[in-house]
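Working notes, structure below.
Derivation of every value follows stated rules applied to the coordinates shown; laboratory data play no part. From a predicted model like this one, the values you see are computed outputs, not experimental measurements. Ideal geometry is used to build each Cβ from the backbone, glycine not excepted, and the neighbour counts take in all protein chains shown.
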Amino acid sequence: MSTTASRPTPRATATPGSPRPSPRRALPAPLHASLHALHRAAPALLAYLAVRGTGLALLTVWAHRRHHGVWPILATQWDADWYLGIADHGYAHELGTAYDANNLAFFPLYPVLVKAVAALTPGTRASTGLAIAVVASAVAAWGVFAVGDRLYGRRAGIIVTVLWAALPVGLVQWMGYTESLFTALAAWSLYAVLTGRLLTAAWLAALAGLTRPTGVAVAAAVTVAALLALRRRFSPRALAAAVIAPLGWCGYVGWVGLRVGRWDGYFAVQRLWHNELDGGRETLRRMRQLLAYDPTPDLFLVLVTFTLVASVVLFGLSVGDRQPVALLVFTAVLLAIVLGSGGVYFPRARFLLPAFPLLLPLALHLSRASPRYRALVLAAAVAGSAYCGAYMTLVWPAAP
């Protein structure tokens, strides 16, 4: 009988003077976790870039045929021009009386980032602003995936990311606007709530409150989550989160009041922009006029109306799916602000672009559907988004 198999394996011994093999160093735990999360999100991020790249390609071809430049459309027109003006010259010192003319209506985080990054990098502030928006959109897509993956699994996370990229006004994600930055902060704040990191969620909510007026929706979501945690068990971190979350929004609103010398200064600025809350009367009036009395409604306004109606239906489905309270509070407050505003009608689809939790019921349904049906739906969404993005910037005469 052979005894070879029973012999112990001899240890390798180093000869005198030979270098010892260095032990493999493990990555720090936070870095390892981040790389693992990025690897898990990679298919969603690649799909996101493919969807938005498709939209950009169609816009480029269409703009070339109409003898328009793509760069001004993405980086310097409409709201982008307002933010670049703030980065260049700062905010107004007085309220004034002119309609649609006071830049205090625009929140400060994005123009401050544009000014700070442009001071350290080559290129113009317009290129810097666009770069910030594009990078923020990728961070937002990662956050959207993370929330979907956390709640319903990886497939649903990928699908909700594609759906968010393929929204009819998805082109705005790659324009010099604040929607990408705001969605990134909102998505990761909500993810932090879902994973029990309330202080992180609160600081992100405070930054979201410095980005857009609808930042109050993120603050409300985090505050409600913190108060529910306090109801279960007292925690100083939860109490601090409830206090920190609204600081960004309240801080800017208070600063505007001090700057123009009246306690309701920010709301007075909004009245100059005709953005008062009226309980939804103006929204219903515009919908009725568009659908019942306008014989040839513009495609973009039809798109806006469809987005508003679909958002209400999707919110009902989200409630039926028993989404976490933080997500429901976020979308509820966002919907209430957008639908209840008496201001201009046409940008409201864009205002709802950060409301990605509304897409989760559809993503969950598609994740359980047949591959052929899922591919057809997503392909149609991508093609429609590409067309609508080019239409709203090249044919529609006003801002998206």
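Taking the number of Cβ atoms within 10 Å of each Cβ as an exposure proxy, the fewest-first ranking of Val193, Val216 is Val216, Val193.
Normalised by 2.2 N^0.38 Å, with N the number of residues, the alpha-carbon radius of gyration of the stretch 89-169 equals 1.52. Rounded, prolate or oblate: which fits the stretch 43-394, taking a ≥ b ≥ c as square roots of the Cα gyration tensor eigenvalues, rounded meaning a/c under 1.5, else prolate when a/b beats b/c? Note, shape of the stretch 43-394 comes out rounded. Ordering Arg197, Arg288, Arg372 from the fewest to the most neighbouring beta carbons within 10 Å gives Arg372, Arg288, Arg197.
The order of Ser189, Ser318, going from fewest to most other C-beta atoms within 10 Å of their C-beta, is Ser318, Ser189. Rounded to the nearest 20, the Cβ-based charge dipole of the chain about its Cα centre (Lys and Arg +1, Asp and Glu -1) stands at 1880 debye. The distance from the alpha carbon centre of the stretch 230-257 to that of the stretch 32-85 is 33 Å, rounded to a whole number. Count the net charge of all other residues whose Cβ sits under 12 Å from the Cβ of Val256, scoring Lys and Arg as +1 and Asp and Glu as -1. It works out to a net charge of 0.
For the stretch 111-156 versus the stretch 328-396, the inter-centroid distance based on Cα atoms is 19 Å. On full extension, the segment bounded by Tyr91 and Leu290 gains 68.0 nm, given 0.36 nm per residue less the C-alpha separation. If you run the Gaussian network model on the chain, springs between alpha carbon atoms under 10 Å, then out of Gly343, Gly280, Gly215 the most flexible one is Gly280. With respect to the chain, whose longest principal axis is taken over its alpha-carbon atoms, helix 109-120 is tilted by about 60°. A simple count of charges around Ala118, restricted to other residues whose Cβ falls under 12 Å of its Cβ and scoring Lys, Arg +1 and Asp, Glu -1, yields +1.
Ranked by the mean number of other Cβ atoms within 10 Å of their residues, highest first, the peptides 375-384, 346-355, 242-251, 228-237 fall in the order 346-355, 242-251, 375-384, 228-237.
Highest average first, the peptides 151-161, 27-37 ordered by how many other beta carbon atoms sit within 10 Å of their residues are 151-161, 27-37.
For the peptides 299-311, 114-126, the ranking by packing is 299-311, 114-126, with the highest mean count of neighbouring Cβ atoms within 10 Å listed first.
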